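Contents: one structure, followed by commentary.
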Amino acid sequence: MKMRILNYILIGLIFIFVNTFSSYEEETKYEILTSTIVNMLNMRHYSPPEIDDSLSLKFYNNILKKIDPGKRFITKEDITKLDKYMFFLDDALKTKNFSFFNELYQIIEKRIDETKNFYKDLLKDPFDFKKSEYFELDPQKTDYAKDLKERKELWRKLFKYEVITRIAEQLETQEKARENNDTSITIKSIEEIEKEEREKVQKRWDDFFIRIGKLTREDRFNDYINAFTEIFDPHTQFFPPKDKEDFDINMSGSLEGIGAQLSQRDEYIRVERIIPGSPAWKQGELKEGDIILKVAQGDSEPVDVVNMRLDDAVRLIRGKKGTEARLTVRKVDGSIKVISIIRDIIQLEETFAKSLILENNNQRFGYIKLPSFYADFNDRYGRRSSLDMKQELIKLKNEDINGLVLDLRNNGGGSLDDVVDIAGLFIKTGPIVQVNSRYGAPQIRQDFDPNIYYNGPLIILVNSVSASASEILAAAMQDYKRAIIMGSEHTFGKGTVQAMLDLDQNINPKYNSLKPFGALKLTIQKFYRINGGSTQLKGVEPDIILPDSYMHTDIGEKSYDYALPWTSISPANYEQIESSSFYFNKVIENSKNRVKNDKYFSAIESKAKTLKDLREKTLIPLNFDEFIQDRKFRKELASSLEQNDEEIKNFNIKPLKADLNNDEKNENLKDRNEAWYSSVKKDNYIREAINVLIDMNHYLSKK
């Protein structure tokens, strides 16, 4: 008996020792990680803010937003307790004091456990859909609950909203089945549907609490660190060691299988960009700004991805070629849509520069689509966008064109070397972009090749998703007055450069036993136009603004919290092309008048305003009749706003003579090109670009 008691004591002592040692290791690692990141940001970030009370307040607000984005757990009472840290966190970072983090961690864990104890009770009985009440979709318009009673009420309305939405979807499915005499769908009563969908909602939240229950203290600490790094700018980010396998996903947002760039904002996963040539790009329904709510594998039950980590959602969307991903998305107009995408390998041909001939009013114009500024960095002889662009221009020159449209819409950027070389194809020599680091004078990237591969009238098309290298090219051509820029009110506005640094290489070897620490991606440089202005935040404002559906949508660098500001430096030494100045203003004014009176663009502008109004209506009725009426109104309005573009008259498309043989020999390529030609023939933005080129030729002929 004494021996057994002694064994228990020894085991207990070992357990206490191991736990104490583990806790000591963890705290030591947090201290080293924090001090290393703080030092690296202060020394190497392009524009580090002062670590003072102002930063402390931003850090405080950001971590609260990150740890409870929907304001469903933390209470006003908790906020009152935590407010004492509001202006303390700057000092805490310097002294490696984690008292705020520890208290916040205890609070969020306590509130999660509390919610686990009551959420199932809220789903036991049917909801009263006759009651007139509302649910606010936007957490930014709500406050924290003052007590447990208010929290339960918030969760009840959330569950009621989810159930009523599912009932409406099932009723619509049944109605379609009746209309199509589809007997595979079982017709059920509202009561039956309500019970089934309530059970599914509980399953969704069961899964959520299992998932959130697996979050460790280290996971929470990683959020804490990233809430700090984001204060420097939205592209500066800490990557913990366990995320190294997902670096490509996190850095590019590329989703294997469908081809979309995603970001996570608050509790939602948002589509930032569609990869050219990808299944999502070819399918055509998934758009920038869409929010992904659920992911299903074929006909299986959808899995909710709201509040899910981005990398976990990515794993759901990944899949083998030929399998189906069904995404439930909230469109920018607030409507809900299920989009089916068959996973596939991205067709590389779709990502490369390609061109065709546009004929209008007996004039022939060249058109080049450049999806990205690609370059094979692993092969010095590999394919590059600058070399492909040169070849396309040579082929178009042999076609005796009267003008050129270079389409950079949806081009998210790429190789800096290639954008400098491509700009050089249109001018003799001169500066293209200024790259400014924290220390020293700006570096001017120049074109030294005196050869001009195309010197005729040039239009560059951009939109709000044209970013980085696209903005550099558009800005340079605008500053030289070499081209007229046309498109959205502004481009994306990403004028910064990031570097990925391995933290292990920057930490004293005596802490090797605590490694790995992860990596830090931080902003180290900023792009400036040759006129001295930055492309950061403001992007490039086109000479001719063409209305689009997203003109009032929160897209671009300016939509991020803590984005670096627009600034300017001294201009580079360059000369504008004087021969273009005399007619540019006339051509631009003519186009503005045409667009103002154009039925298509007027309809687009009206649509954009309506979409803005719909997005701002975030208070949803939970009374059944009111909800159905509101849903019907939104769907009908969304449907009426859909553009059914028709082929444009007197607008002919022809492949280049040099490409004809390739098209005829390759049936797959021929089919893809036919689809491309069809979309170009319906593109009213290209139509107006051609009108501008016709105007340019008119004035040039009178010169």
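FYI, it's all coordinate maths here, none of it is from the lab. Remember, predicted model here, so these are calculated numbers, not experimental data. When we count neighbours, we look across all protein chains shown, and the Cβ atoms used for this are built from the backbone with ideal geometry, even at glycine.
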Among the listed pairs 120/141; 282/612; 599/682; 146/558; 558/681; 282/331, those beyond 23 Å (Cα-Cα):
120/141; 282/612; 146/558; 558/681
Ranked 561, 299, criterion: other C-beta atoms within 10 Å, fewest first:
299, 561
Scan around residue 539 for amide H atoms under 5 Å from its own, H built in the peptide plane at 1.01 Å from N, and keep only partners 5 or more places away or cross-chain.
493
Over what distance in Å are the Cα centres of region 317-392 and region 607-628 separated?
34
Which whole-Hz ³J(HN,Hα) couplings does region 157-162 yield from phi under the Karplus relation 6.51 cos²θ - 1.76 cosθ + 1.60, θ = phi - 60°, glycine and proline marked x?
5, 4, 5, 5, 4, 5
With the dipole of the chain worked out from charges on the C-beta (+1 for Lys and Arg, -1 for Asp and Glu) around the Cα centre, which of 286, 60, 478 lies farthest toward the positive end?
60
Under a straight-distance cross-link criterion of Cα-Cα below 15 Å, which aspartates and glutamates are reachable from residue 29, leaving out those fewer than 8 residues away in the same chain?
218, 219, 504
Estimated 222 nm signal from helices in the chain, with DSSP H stretches of n ≥ 4 weighted -39500 (n - 2.57), rounded to 500:
-14500 deg cm²/dmol
Could you give the angle, 0 to 90 degrees to the nearest 10, between helix 217-229's Cα long axis and the longest principal axis of the Cα atoms of the chain?
40
With +1 assigned to the C-beta of every Lys and Arg and -1 to the C-beta of every Asp and Glu, and no other charges, what is the dipole magnitude of the chain about the Cα centre in debye, to the nearest 20?
260
In whole Hz, what ³J(HN,Hα) sequence does region 384-392 give by Karplus (6.51, -1.76, 1.60; θ = phi - 60°), x for Gly and Pro?
10, 5, 5, 5, 5, 4, 4, 5, 5
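For a footprinting-style exposure proxy, rank 161, 528, 511 by other Cβ within 10 Å, fewest first.
511, 161, 528
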Spelling out what I want: for every residue of region 193-204, take phi, set θ = phi - 60°, compute 6.51 cos²θ - 1.76 cosθ + 1.60 (Karplus), and round to whole Hz; glycine and proline get x.
5, 4, 5, 4, 6, 5, 5, 5, 5, 4, 4, 4
Residue 261's amide H: which non-local residues (gap 5+, or another chain) put their own amide H closer than 5 Å, with H modeled 1.01 Å from N in plane and none for Pro or chain starts?
272, 273, 274, 275
Of the chain, which part is the longest with no GluC sites (Glu not before Pro) in a loop (DSSP not H, G, I, E, B) and with at most 11 other C-beta atoms within 10 angstrom?
51-574
Nearest 10 degrees is fine. How inclined is helix 99-118 to the longest principal axis of the chain, computing both from alpha carbons?
80
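Under 20 Å between C-alpha atoms is the cut-off here; go through region 412-556 and count lysine pairs that meet it, provided they're at least eight residues apart or on different chains.
6
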Long-range amide H partners of residue 303, meaning residues 5 or more apart or on another chain whose placed amide H is closer than 5 Å, are 295, 296
Using only Cα atoms, find the angle between the long axis of helix 578-596 and the longest principal axis of the chain, and express it within 0 to 90 degrees, rounded to the nearest 10.
60
